[in-house]
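Chemist: My questions all concern the structure below.
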Amino acid sequence: MKKTLLVAASMLLLVTLFSPNAKAQEWDTGLDIYSSYIWRGAKFGSGPAFQPYVEMSAGGFAIGAWGSVSSSDLEGFEMDLYAGYEFALGENSTLGLTLTDYYFGGDWTKFSKDDGIHFFEPMVSLGLGDFSLTGAYMFYEGAGTGDDSGDLYLEAGYSFGSVDLTLGGGTGQYTDDGEFNICNIAVGTSKEIAITESFSLPVSGAVILNPSTGGFFITVGISL
């Protein structure tokens, strides 16, 4: 399964980059700094998190790298690679397909089931104006057990004005008992803080509740 997903992503990248009809490539990089790293209703590490990214896009295709490193002794280390394509379905509708390789430390070159280093996740997202739907399934293999496992995550989102609402549910790592349950209820917002006449600093924040685990979080971040 893992080798098949890697080959598919590599072929998609090569076709996109070397196709005679490929659009001009665009590169983007930046750094987000958050008071804490909260993902799908769960907290990773402690203290502020530094999250760099690098991305190349061409038309609807994008490939990139994203990471998160906590500033405290309780490490929340994560380095991901991803590739995806977004199809335009209409004036305000899109369909996105993404494959992500999650990496949480150790020898990156090891892909055997006993190492538990890489976690792969195909994701499908549908955008309908201000409304969005997301479905993802993370494949992983228990380190030292040889047992194949996976976690399902489903999410609905709605944006109006500067406010974003999120409702997510999942299985496995997302809930306290591994059964499907609501794990991510979030209200977020963002704004631009003017520093000079020509420079503004993007600031975002969210209030997040995980009803399954009882976790409650407030996080704020800036983007550079």
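Chemist: Give the ranking of W27, W108, W39 by solvent-accessible surface, highest area first, calculated with a 1.4 Å probe. Write out the running numbers ahead of the final one.
Modeler: Values: W27 180, W108 110, W39 50 Å².
Descending order: W27, W108, W39.
Chemist: Once fully extended, how much extra length lies between Y53 and S190, figured as 0.36 nm per residue of separation less the alpha-carbon to alpha-carbon distance? Numbers along the way, then the final one.
Modeler: Working: separation 137, 0.36 × 137 = 49.32 nm, distance 1.94 nm.
The Y53-S190 span can extend by a further 47.4 nm.
Chemist: I would also like to ask the following. Starting from the Cα-Cα distance between W108 and I33, subtract it from 0.36 nm times their residue separation and give me the gain in nm to one decimal.
Modeler: Values: separation 75, 0.36 × 75 = 27.00 nm, distance 2.48 nm.
The span from W108 to I33 would gain 24.5 nm if fully extended.
Chemist: Accessible area of V187, 1.4 Å probe, to the nearest 10 Å²?
Modeler: 70
Chemist: As a test of reading the structure, rank E179, E75 by solvent-accessible area (1.4 Å probe, protein chains only), most first. Mind dumping the intermediate values first?
Modeler: Numbers: E179 120, E75 95 Å².
Ranked from most to least accessible, the order is E179, E75.
Chemist: Leaving out ligands, DNA and RNA, what percent of the accessible area of the range 142-224 is carbon and sulfur, probe 1.4 Å?
Modeler: Numbers: 2840 of 4690 Å².
Summing carbon and sulfur atoms, their accessible area is 61 percent of the total for the range 142-224.
Chemist: Another question, if that's okay. From the backbone phi of the range 65-70, what are the Karplus-calculated ³J(HN,Hα) couplings (6.51 cos²θ - 1.76 cosθ + 1.60, θ = phi - 60°) in whole Hz, Gly and Pro given as x?
Modeler: 10, 9, x, 8, 10, 7
Chemist: Continuing with this model, one more query. S159 to L133: extension gain in nm, 0.36 nm per residue of separation minus the Cα-Cα distance?
Modeler: Details: separation 26, 0.36 × 26 = 9.36 nm, distance 1.21 nm.
Length difference between fully extended and current span is 8.2 nm.
Chemist: Continuing with this model, one more query. I'd like the accessible area for K191, computed on protein heavy atoms only with a 1.4 Å probe and all protein chains in place. Round to 10 Å², please.
Modeler: Looks like 130 Å² after rounding.
Chemist: In whole angstrom, note down how far apart the Cα centers of the range 55-69 and the range 165-189 are.
Modeler: 25
Chemist: Heavy atoms only, probe 1.4 angstrom, no DNA, RNA or ligands counted: give me E26, E197, E91, E55 ranked by accessible area, highest first.
Modeler: Numbers: E26 120, E197 195, E91 175, E55 55 Å².
In descending accessible area the options line up as E197, E91, E26, E55.
The values are calculated or read from the model by the stated rules, or taken from the named source; none is laboratory data. As the structure is a computational prediction, the values presented were derived from the model and not from experiment. Ligands, DNA and RNA are stripped out before the accessible areas are found, and what is left, the full protein with its side chains, is counted by its heavy atoms. Shrake-Rupley method; radii C 1.70, N 1.55, O 1.52, S 1.80 Å.
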